[in-house]
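Throughout, read-outs are computed from the coordinates displayed, never taken from laboratory work. Note that the structure is a prediction, hence the values are computed from the model and not measured. Don't worry about glycine lacking a Cβ; one is built from the backbone with ideal geometry, like all the others, and counts go over all protein chains shown.
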Amino acid sequence: MDEEVCRMTELSKELQDSAASLISRSCNEEASLRQRALSLHTSISNLRSSISSSLKKGNLHPQHALKLEEELGRARYLLTQGDAAAFLPTKSHGRFLRMFIGPLNVRATRKDVQLKVKEEYNSFRDRTALLFLVFPLLLLGLRSWTWDGCLPALPVQLYQAWLLFLYTGLALRENILRVNGSDIRPWWIYHHYCAMAMALISMTWEIEKQPDCSQKQKGVQLFLYWAIMQGVAMLLQNRYQRQRLYTRIALGKAQRMDVVWGETSGVDGQLWLLCPILFILQGFEAYVGVLLLQTALVGVVSEWQVITCGILLIVMAAGNFVNTVQTLLTKSRFKAKMKKGKSKD
């Protein structure tokens, strides 16, 4: 028995030494690769600047310069989109990530880990889209059948607490995805910041203590109707965007870590369905915001929470509308450019 215990101790020490040696070698090799990647990235940038400068001075033929630019583009693509991209300097984590997790590095060096982060984000969106639809349906149903047309404060506050969790989770995941190389428009993250603030503020909004409960809760009811529409739109766009992203990856127009930015990234047939829904949603969101402001101005509900939530809803609706229109214009310009290129061929 004593010999067996001693043998286990020796084996544990050997394993510890081997693991420590492996970690030390890995750290040294990683540091060397980081230095090489940074040096190569700098050299490529300097060489591109030299080509542009030579072209302007007339020391380089335009056709030859274009060929050199294409070769450098391929080299830069391999460096920034391949496995070596993990050793380049990471994007700034931003204050939001630092506030929640501190100065930790969330950049994954292995592609399989990066893809797992993206798949988890997509799964989270799919799960929460269904809950986004179910919760307001349940609240409105109970309001009619059980609560005599007046929502109790606690269920609504629990729903707002869930919304706070949802938007915080989305914002955290999207910031981590950006650090790992995903292409996400900044507005969608800012939108989630606004939604987090609105959910937090609305939890402190007293909706029961008034003689006319239905009048005070009109904005809440409209918001729940909007949430139902938003849940349907989220389910549709999640499905369409995932299918479209797989198609773009297969065609070489997107990377595996990309998230289809915006809400209008489907194919043409899908856009004819999604765009009207999205514009109606944005208009209804702005309408709820205006209604809340009117409620405060006429003195029905004059709490600061009502005014702030109304302003946030209008800001989010305007931002969503502007970003959706910009996405559609970008797609139309890209399609026009493609058609022009085909006509020249």
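Multiplying the residue separation of L15 and M1 by 0.36 nm and removing their Cα-Cα distance gives an extension gain of 2.9 nm. The distance between label points at I101 and L329 comes to 3.5 nm (points 7 Å beyond Cα on the Cα→Cβ vector).
Assuming R0 = 45 Å, what is the FRET efficiency of S24 and A65, from their Cβ-Cβ distance, to the nearest 0.05?
The pair S24/A65 has a calculated efficiency of 0.45.
In terms of packing, defined here as the mean over residues of other Cβ atoms within 10 angstrom, the peptides 315-321, 93-99, 1-7 line up highest first as 315-321, 93-99, 1-7.
Between the beta carbons of R34 and R185, assuming R0 = 30 Å, the FRET efficiency works out to 0.55 to the nearest 0.05. Counted residue by residue at 0.36 nm each, then reduced by the alpha carbon distance between them, the extension gain from I277 to Q294 reaches 3.6 nm.
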